[in-house]
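See structure below.
Taken together, the values in this text are just the output of simple stated rules run on the coordinates, not laboratory data. If you're wondering where the values come from, they're calculated on a predicted model, not measured in any experiment. As a convention, Cβ positions derive from the backbone with ideal geometry for all residues, glycine included, and neighbour counts pool all protein chains shown.
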Amino acid sequence: MIKAVIFDKDGTLFDFRMSWGGWTRSLLAELAPRTEGDLAATLGFEPEAMAFAPDSAVIAHTTDEIAMLMLPHLPGMSFNALMDIMNRIAAEAPMAPAVPLREVLSGLTGRGLVLGLATNDTEAPARAHLTGAGVIDLFAFVAGCDSGYGGKPAPGQLLAFAAQTGLPAGQIAMVGDSLHDLDAARRAGMKAVGVLTGPARRETLTPHAHVVLASIAELGDWIDGFSAS
């Protein structure tokens, strides 16, 4: 049986392009006076179209990894100063839920499932986003790339969630929209559930997932069927 679910955040709970396109455009605008070279191209982002390249670092990399890619284009700026700017803009960024989050997540907790979050964003903006969406109270665990467990595709965040719940990894589903999420799930021994609310396509996710769903709105029915099988 599945007794707990740990979610990715961006592209899973929140629509990726609508949410992080705005963040990336705001970040580029703030950094523009100090930028040398094409920072948008480095991030794999087209500001006018609000579109990301399939291999954009913004899609799956940790915040500190994205910052390291940007620093060569920002002479005189320190890593810590850049991280402060990135985290501030992230916390303020309006997030667009991929589904009616309160309704869908309450349906899962109503089944007795324990919920967690594992994101390659930093923890403070992640908590701000969940709070803004009115769902922070539904999560027993929230980890960002700076929470002490590492970032995905390493399984540290997922294993910390399993330890906190006291559940074996095989009774936990990891739900995400990227290969980083699914690889972390398999490395942790969890069920890997892909969703199509991020940039990745079904054919990309399917070889790495136990199942690929259109969105987390389908998750409750899948868990019911899986637990009954």
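Rg(Cα) of region 1-78 divided by 2.2 N^0.38 Å? It would help to have the intermediate numbers written out before the result.
Numbers: Rg = 14.5 Å, N = 78, 2.2 N^0.38 = 11.5 Å.
Compactness ratio reported: 1.26.
Using a 10 Å cut-off on Cβ atoms, rank the peptides 148-155, 166-173, 22-29 from the highest mean neighbour count down. The partial results should precede the final answer.
On the way: 148-155: 19.8, 166-173: 16.5, 22-29: 18.2.
In descending order of packing, they fall as 148-155, 22-29, 166-173.
Can you tell me the length gained on complete extension of the stretch residue 228 to residue 64, counting 0.36 nm per residue apart and subtracting the Cα distance? Before the final figure, lay out the partial values.
Values: separation 164, 0.36 × 164 = 59.04 nm, distance 4.16 nm.
Contour length minus the Cα-Cα distance gives 54.9 nm.
When the convex hull of the Cα atoms of the chain is projected onto a plane and the area is averaged over all directions, what value comes out in nm²?
Details: hull surface 46.2 nm².
Convex hull of Cα atoms, orientation-averaged projection: 11.6 nm².
Tell me the mean residue ellipticity at 222 nm calculated for the chain from its helices only (DSSP H runs of n ≥ 4, each -39500 (n - 2.57), averaged over every residue, nearest 500). Display every interim value, and only then the final one.
Values: 11 runs with 99 residues, N = 229.
Result for the chain: -12000 deg cm²/dmol, rounded to the nearest 500.
Where Rh is the Kirkwood radius over the Cα pairs of region 106-216, the temperature 25 °C and the viscosity 0.890 mPa s, what D in µm²/s does Stokes-Einstein return? Walk me through the intermediate numbers first.
Numbers: Rh = 14.1 Å.
Result for D is 174 µm²/s.
Can you give me the distance in nm between label points at residue 163 and residue 124, each placed 7 Å from the Cα along the Cα-to-Cβ direction?
Placing both labels 7 Å beyond Cα along the Cβ direction yields 2.5 nm.
When the dipole is taken about the Cα centre of the chain, and only Lys, Arg (+1) and Asp, Glu (-1) are charged at their Cβ, what size is it in debye, to the nearest 20?
With only Lys, Arg, Asp and Glu charged at Cβ, the dipole is about 580 debye.
Over all pairs of distinct alpha carbons, what does the Kirkwood formula give as the hydrodynamic radius of region 23-62, in Å?
On the way: mean 1/r = 0.0956 Å⁻¹.
Averaging 1/r across every pair of different Cα atoms and inverting gives 10.5 Å.
Taking 0.36 nm per intervening residue step and subtracting the Cα-Cα distance, what contour gain separates residue 80 from residue 137 on full extension? Intermediate results must be reported in sequence, preceding the final value.
On the way: separation 57, 0.36 × 57 = 20.52 nm, distance 3.04 nm.
That pair, residue 80 and residue 137, stretches by 17.5 nm at full extension.
Relative contact order, percent, of region 17-92 when contacts are C-alpha pairs under 8 Å separated by at least 6 residues?
Numbers: 68 pairs, mean separation 24.7, N = 76.
Relative CO of region 17-92 lands at 32 percent.
Loop sites only, by DSSP: take the GluC sites (Glu not before Pro) in the chain that have at most 14 other C-beta atoms within 10 Å and name the longest stretch containing none of them. Walk me through the numbers on the way to the answer.
Values: sites that count: 36, 48.
Value returned for the longest uninterrupted segment is 49-229.
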